[in-house]
């Protein structure tokens with residue numbers, strides 16, 4: 001009986017394995033189709049991608065792919081220098097930008113196509129990978145890894161930042177609408193209580209020199225008079 005039980009158990013495993021393989025073969029075309037559809041949907045939604053594999057310019061953009069820096073009132077094409085370096089194979093998936101010290105070089109991309117902006121109802125998601133220890137690697141003062149801004153910051157802008165003086169530094173995401181809406185008394189940003197600033201604040205974000213941290217934020221229903229505007233910050237996939 002013992003041997004028979006072993007044979008039956010083995011046959012059951014073989015049959016179950018065969019059945020599972022058959023089901024997997026049947027499911028494969030549907031999974032492939034779903035993956036293709038998901039990639040097509042993502043490609044249709046993508047407005048810009050900058051891998052920094054080969055330089056500062058974007059790999060793809062629905063606006064201008066050129067990376068710029070501001071000199072006075074002019075935008076000129078950005079080039080790597082002592083403040084911003086393009087390092088091959090140093091990134092999460094390929095190349096990366098390395099900022100070895102605090103400086104005035106701020107790589108920028110222009111045109112509303114870069115973020116798919118429109119004046120009626122605008123939503124988008126911005127994604128970036130970062131690797132650093134903010135308390136050891138950043139010099140004093142604010143540090144904004146990402147900003148979305150027009151020609152007049154009083155008309156509204158969006159940013160992620162590390163705070164100026166706290167230890168450990170806070171990581172923040174803010175959507176500032178028209179200046180007179182969020183700051184009618186014209187107070188300095190540092191004088192406004194945290195709870196009254198248009199932002200979310202993370203006291204101990206998981207940034208590290210040893211690993212990459214994924215940051216993504218959304219802006220939703222901006223300029224939409226029928227839906228409530230909203231912003232969300234995700235760090236390593238967590239809201």
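The values are calculated or read from the model by the stated rules, or taken from the named source; none is laboratory data. The structure displayed is predicted, hence computed values, not measured ones. Please note: Cβ atoms are built from the backbone with ideal geometry, for glycine as well, and neighbour counts cover all protein chains shown.
Contact annotation: residue pairs with Cβ atoms under 7 Å, 6 or more positions apart or on different chains, pairing a residue in region 70-92 that is without any contact (Cβ under 8 Å) to a residue 12 or more places away in the chain and on the phi > 0 side of the Ramachandran plot with a partner that is surrounded by 11 or more Cβ atoms within 10 Å (Cβ to Cβ) and part of a loop (DSSP other than H, G, I, E, B), are 89/95. Scan region 144-168 for residues that are crowded, with 17+ Cβ neighbours inside 10 Å and within 19 Å of the chain's Cα centre (by Cα) and the total you get is 7. For region 186-209, enumerate the residues that are over 15 Å from the mean Cα position of the chain (by Cα) and touching a residue at least 40 places away in the same chain (Cβ under 8 Å). Matches in region 186-209: 208, 209. Against the condition out of contact with any strand residue (DSSP E or B) (no Cβ under 9 Å at 6 or more places or on another chain) and either over 30 Å from residue 90 (Cα atoms) or modelled with pLDDT under 95 (or both), how does residue 195 come out, does it pass? When the stated conditions are applied, residue 195 passes them. Against the conditions (1) outside any loop (DSSP other than H, G, I, E, B); (2) touching a residue at least 40 places away in the same chain (Cβ under 8 Å); (3) surrounded by fewer than 15 Cβ atoms within 10 Å (Cβ to Cβ), residue 181 satisfies every one except (2). The residues in region 139-169 that are part of a loop (DSSP other than H, G, I, E, B) and either closer than 17 Å to residue 235 by Cβ or in contact (Cβ under 8 Å) with a residue 60 or more places away in the chain (or both) can be counted, and the count is 3.
Restricted to region 71-116, the set of strands (runs of 3 or more DSSP E) holding at least 1 residues that are surrounded by fewer than 14 Cβ atoms within 10 Å (Cβ to Cβ) comprises 74-77, 85-87.
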